[in-house]
Amino acid sequence: MEETAYAKLNLALHVRARELDGYHRIETLFAFAEEGDRLTVAPGEGLSLSVTGPFAAAVAGEGDNLVLRAAEALRRRCGVAEGAVLTLDKRLPVASGIGGGSADAAAALRLLNRFWGLGVGDPLLLQIAARLGSDVPACLRSETVRGEGRGDRLVLADRSSLRATPVLLVNPGVPVSTPAVFKAWDGIDRGALGDDPLVGRNDLEAAAAALAPEIFDLLGLLRAHSGVRLARMSGSGATCFALFESETDRDAADAAVAAAHPLWWRLPTRLR
Ligand code: C5P
């Protein structure tokens, strides 16, 4: 059995306040790409996880992987006796603002709910997801949705018009720490997120670019292309994305980025 951990994008991300617990109150519009990491499961004793793929080495250092924490949480909550042998094909760069561990954890909940035949409904799965991280509930849905609070309070919105929009994701190869970027936010509330993501912002762009200046070059490069509807950083960076009028425009931009920066990671895909 297999599940995709779809790459997460924040089409807009407004930071409204720093709370006393150190977390930030945000308003964001999540969207998801058609591609992502792949998680597979087979029967076995206990819970185990092996990681393969181009970004496996970056995950290997983490003793406490979010996939195993998700599996353990679901198993405990539902009193499951069976085990699961999990394999994560890590195709997305880590610490890069496109979900990563959160999308993997959400995929583990969806996959094991099916694999163990639990039939757990959305309310309980969302509750388990929220304890694993602020972005995990949105990743559980993996559809365009507005997030408030820490990003974990979901407000469903009809965004069917965005479906199949051509998108290019680019990462300049610099891992960026989410807590460090939130900490570097200047504390200025620049206003609420309205209905149109195109007129929104990512309030973490300046903070992230102070830590990884490549982000400015990358955004400039993306915005210079024809057919770009929107180019912005996702989450706390450093991955940036552009939405395009057509797949031809997207592929031309992809080729141009590859020529200018052969070592940057790129994913030409579509919104799901
Ligand atoms: O919720 P999660 O564990 O994914 O968050 C990782 C870190 O990102 C938190 O420890 C916090 O420093 C920061 N964060 C934040 N405000 C949010 C979400 C995350 O400050 N709304």
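The values are calculated or read from the model by the stated rules, or taken from the named source; none is laboratory data. These numbers were taken from a predicted model, which means no experiment stands behind them. A quick note on method: Cβ atoms are made from the backbone with ideal geometry, for glycine too, and the neighbour counts reach across all protein chains shown. Surface areas here come from the heavy atoms of the whole protein model, side chains and all, with no ligands, DNA or RNA. Shrake-Rupley method; radii C 1.70, N 1.55, O 1.52, S 1.80 Å.
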Name the single residue that is farthest from L9 (Cα to Cα) among those in the stretch 129-146 being surrounded by fewer than 21 Cβ atoms within 10 Å (Cβ to Cβ) and either in contact (Cβ under 8 Å) with a residue 40 or more places away in the chain or more than 10 Å from the ligand (Cβ to nearest atom) (or both). R131
Apart from one, (1) more than 14 Å from the ligand (Cβ to nearest atom); (2) under 20 Å from S142 (Cβ atoms); (3) open to solvent by less than 20 Å² (accessible area, probe 1.4 Å) all hold for R91; the odd one out is (3)
How many residues does the stretch 23-75 contain that are open to solvent by 50 Å² or more (accessible area, probe 1.4 Å) and closer than 30 Å to G200 by Cα? 4
Is it fair to say G149 is modelled with pLDDT of 95 or more, within 16 Å of the ligand (Cβ to nearest atom) and more than 26 Å from P262 (Cβ to Cβ)? yes
Quick check on my filter: what residues within the stretch 132-151 are within 14 Å of L66 (Cα to Cα) and either outside the structural domain of A60 (by TED's automatic domain parsing) or not in a helix (DSSP H, G or I) (or both)? G133, S134, D135
Subset of the stretch 226-244 (residues that are surrounded by fewer than 24 Cβ atoms within 10 Å (Cβ to Cβ), of a type outside the set (A, V, I, L, M, F, W, C) and either within 20 Å of V199 (Cβ to Cβ) or under 16 Å from the mean Cα position of the chain (by Cα) (or both)): G227, R229, R232
Residue by residue through the stretch 23-62, note down the ones that are within 16 Å of the ligand (Cβ to nearest atom) and modelled with pLDDT under 95. V59, E62
Given the residues A164, A129, which is the only one that is within 27 Å of T4 (Cβ to Cβ) and not assigned by TED's automatic domain parsing to the domain that holds I26? A164
Counting only residues that are open to solvent by less than 40 Å² (accessible area, probe 1.4 Å) and assigned to a helix (DSSP H, G or I), how many does the stretch 183-219 have? 8
Hey, could you check the stretch 154-182 for residues that are within 16 Å of the ligand (Cβ to nearest atom) and free of Cβ contacts under 8 Å to residues at least 12 places away in the same chain and say which is most open to solvent (accessible area, probe 1.4 Å)? P179
